[in-house]
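Engineer: To start, I am sharing the structure in question, which I have written as structure tokens.
The values are calculated or read from the model by the stated rules, or taken from the named source; none is laboratory data. Since the structure is predicted, the reported quantities are computational estimates derived from the model, not experimental observations. Note that we place each Cβ from the backbone using ideal geometry, even for glycine, and neighbour counts take in every protein chain shown. Quick note on the areas: whole protein, heavy atoms, side chains included, nothing else; ligands and nucleic acids left out. Shrake-Rupley method; radii C 1.70, N 1.55, O 1.52, S 1.80 Å.
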Amino acid sequence: MSFNKVIGQELAVDLLKKAIEEKRLAHAYLFIGPDGVGKSLLAKIFAKALNCEKQTAEACDECVPCKKIEGNIHPDVITVSPEGKSSQIGIDAIRKIEKAMSLKPYEGRTKVFTIDGADKMTEEAANSLLKTLEEPPKETVLVLLASNMFKLQPTIVSRCQKVLFHPLNERAIMKELIERYGLDDKKAMCVSRFSEGRLGRAIEVLEGEALAKRDRVVDEFLTPKQLDYEDTWLYGEPREKVNEALNALAVYFRDLLVFNLSKDQGLLVNLDKAADIARDAARYPVERLEGIIETIADTQERIKRNANIKIALSCMRLNIT
Ligand SMILES: [Zn+2]
């Protein structure tokens, strides 16, 4: 898997390739950018290139190290990511990495430790990692992946070489979806818009249940019902999933707003729902939609800050229905 598998992140790719070619590796890299734009893919390709038997800037994908890294079983290439209900990276995960760092590489040239979701480290974990960054071991590269730089300790950020990732443009995602999944233009455009510049999200949409979940949350909050809301399905979902669902809801309301202002279906994100949007938009005046979108954003913020999900959603429901 060569570096050109990473779509639309030329600056990030060039920076890492150059570092390998010129043998000027930093001890730690911080990949910053939204989820689903290629950070973990690039981290894996980087780890391969650093350990491939061919010893060039491009991994061959055929040698034993390349295959082991692809299968996540290379002893010198370790990734940790958030775990458990809290979706955090705790001290134990960081200690595991630090222990492995203190050893010589088993079979590779360069140990590569990836912390996927570095912005989700507990304070204890971050403090421990900081000590490692202050005295980085040899033959080791740390790769931190984060979507929110401001949630990282500034002292950690300052000790890493920053590598920026960007959302992709609509055309780039469409092209990829058409090639990979054989979609027609209209479907590819719909999924591309829904994914908001994140190819990983687009793939989730196609392979997962993102569109079904959107339909469920839209139905839940737009269709007047006489249900006992005690049993809302969202109450049982993890915090991140609730926020994803609210995001889909906010985008739907934004589409109603866009449609009311422009009457142009071509501008919608939820292209596959154009008829529903035209119908629903008639029920909501523009000022009301602006208020609803703001309420949803406030609710997401509260949920991120650990508010009780049930209370936050009940308040939101009162304000938007
Ligand atoms: Zn190889």
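Engineer: Fully extended, how many nm does the chain gain between Asp184 and Asp61 (0.36 nm per residue separation, minus their Cα-Cα distance)? Each step should come with its number before you reach the end.
Structural biologist: On the way: separation 123, 0.36 × 123 = 44.28 nm, distance 3.12 nm.
My answer for the length gained is 41.2 nm.
Engineer: Apply 1/(1 + (r/R0)^6) to the Cβ-Cβ distance of Ser81 and Cys315, taking R0 = 35 Å, and write down the FRET efficiency to the nearest 0.05.
Structural biologist: On the way: r = 32 Å, r/R0 = 0.91.
That pair, Ser81 with Cys315, gives E of 0.65.
Engineer: Related question: Once the convex hull of the C-alpha atoms of the chain is built, how many Å³ does it hold per residue, rounded to a whole number? It would help to have the intermediate numbers written out before the result.
Structural biologist: Details: hull volume 45.5 nm³, N = 321.
Per-residue hull volume (Cα only) is 142 Å³.
Engineer: Quick one: of Lys39/Lys111; Lys54/Lys131; Lys111/Lys304; Lys39/Lys151, which pairs are farther than 24 Å apart, Cα to Cα?
Structural biologist: Working: Lys39/Lys111 18 Å; Lys54/Lys131 34 Å; Lys111/Lys304 34 Å; Lys39/Lys151 17 Å.
The pairs that break the limit, which is 24 Å between Cα atoms, are Lys54/Lys131; Lys111/Lys304.
Engineer: Something else now. Between the stretch 25-80 and the stretch 276-321, how many Å separate their Cα centres?
Structural biologist: Comparing the Cα centres of the stretch 25-80 and the stretch 276-321, I get a distance of 41 Å.
Engineer: Next question, about the same structure. What is the gain in length, in nm to one decimal, between Val157 and Ser102 on full extension, counting 0.36 nm per residue of separation less the C-alpha to C-alpha distance?
Structural biologist: Numbers: separation 55, 0.36 × 55 = 19.80 nm, distance 2.23 nm.
Difference between extended and current length: 17.6 nm.
Engineer: Could you please report the charge total around Asp61, scoring K, R as +1 and D, E as -1 over all other residues with beta-carbon less than 12 angstrom from its beta-carbon? Walk me through the numbers before you get to the answer.
Structural biologist: On the way: positive: Lys5, Lys44, Lys48, Lys54, Lys67, Lys68; negative: Glu53, Glu58, Glu62, Glu70.
Counting the neighbours of Asp61, the net charge comes to +2.
Engineer: So, one more: May I ask you to give the percent of accessible area on the stretch 111-219 that is carbon plus sulfur, with a probe radius of 1.4 Å?
Structural biologist: On the way: 2710 of 5430 Å².
That share works out to 50 percent.
Engineer: Label Glu209 and Asn247 with points 7 Å out from Cα along Cα→Cβ: what is the distance between them in nm?
Structural biologist: Each label point lies 7 Å from its Cα, and together they span 1.8 nm.
Engineer: Using Cα springs under 10 Å in a Gaussian network model of the chain, which residue among Pro285, Pro105, Pro65 shows the largest mean-square fluctuation?
Structural biologist: Result: Pro285 has the largest fluctuation of those listed.
Engineer: How many angstrom lie between the Cα centre of the stretch 142-220 and the Cα centre of the stretch 248-262?
Structural biologist: 20 Å
Engineer: First measure r as the distance between the Cβ atoms of Leu261 and Lys175, then evaluate 1/(1 + (r/R0)^6) with R0 = 30 Å and state the FRET efficiency to the nearest 0.05. Write out the running numbers ahead of the final one.
Structural biologist: On the way: r = 30 Å, r/R0 = 0.99.
FRET efficiency, Leu261 to Lys175: 0.50.
Engineer: Would you kindly work out the equivalent ellipsoid of the stretch 209-320 from its C-alpha gyration tensor and give its semi-axes, the square roots of five times the eigenvalues, largest first in whole Å? Each step should come with its number before you reach the end.
Structural biologist: On the way: eigenvalues 111, 41, 36 Å².
Each semi-axis is the square root of five times an eigenvalue, giving 24, 14, 13 Å.
Engineer: Which aspartates and glutamates, if any, have their Cα less than 18 Å from the Cα of Lys213, not counting same-chain residues under 8 positions apart?
Structural biologist: Glu196, Glu204, Asp231, Glu237, Glu240, Glu244, Asp255, Asp272, Asp276
Engineer: What distance in nm separates the simple spin-label points at Ile73 and Lys54, each placed 7 Å from Cα in the Cβ direction?
Structural biologist: 2.3 nm
Engineer: By the scheme Lys and Arg +1, Asp and Glu -1, what is the net charge of all other residues having a beta-carbon under 13 Å from that of Arg198?
Structural biologist: On the way: positive: Lys39, Arg193, Arg201; negative: Asp35, Glu170, Glu176, Glu196, Glu204, Glu244.
Taking every other residue near Arg198 into account, the sum is -3.
Engineer: Go through Lys5/Lys186; Lys23/Lys44; Lys17/Lys187 and tell me which ones have a Cα-Cα distance over 27 Å in this structure.
Structural biologist: Details: Lys5/Lys186 24 Å; Lys23/Lys44 18 Å; Lys17/Lys187 35 Å.
With Cα atoms farther than 27 Å apart: Lys17/Lys187.
Engineer: A further question follows. Short version: ³J(HN,Hα) in whole Hz for each residue of the stretch 161-168, in order, from phi by Karplus 6.51 cos²θ - 1.76 cosθ + 1.60 (θ = phi - 60°), x for Gly and Pro, what are they?
Structural biologist: After applying 6.51 cos²θ - 1.76 cosθ + 1.60, I find 7, 7, 10, 8, 10, 10, x, 8 Hz.
Engineer: Same structure again: Work out the length of the dipole vector of the chain about its Cα centre, built from +1 on the beta-carbon of each Lys and Arg and -1 on the beta-carbon of each Asp and Glu, and round it to the nearest 20 debye. Present the calculation step by step, with values, prior to reporting the outcome.
Structural biologist: Working: 49 positive and 50 negative charges, 130 e Å.
Dipole about the Cα centre, nearest 20: 620 debye.
Engineer: Still on this structure, please answer the following. Search the structure for amide H atoms under 5 Å from the amide H of Val77, placed 1.01 Å from N in the peptide plane, and list their residues when 5 or more places away or on another chain.
Structural biologist: Here the answer is Val112, since their amide H atoms fall under 5 Å of that of Val77.
Engineer: Given a Förster distance of 35 Å, report the FRET efficiency between Arg24 and Asp92 from their Cβ-Cβ distance, rounded to the nearest 0.05. Could you put the intermediate results ahead of the total?
Structural biologist: Working: r = 33 Å, r/R0 = 0.94.
Between Arg24 and Asp92 the formula returns 0.60.
Engineer: Suppose only helical runs count, i.e. DSSP H with n ≥ 4. What mean residue ellipticity at 222 nm does that imply for the chain under -39500 (n - 2.57) per run, divided by all residues and rounded to the nearest 500 deg cm²/dmol? If you can, show how the numbers build up before the last one.
Structural biologist: Details: 14 runs with 167 residues, N = 321.
Helix-only estimate at 222 nm: -16000 deg cm²/dmol.
Engineer: Using a 7 Å offset from the Cα along the Cα-to-Cβ direction at both Lys304 and Met149, what is the distance between the two label points in nm, to one decimal?
Structural biologist: 1.6 nm
Engineer: Helix 309-320: angle to the longest alpha-carbon principal axis of the chain, degrees 0 to 90, nearest 10?
Structural biologist: 40 degrees
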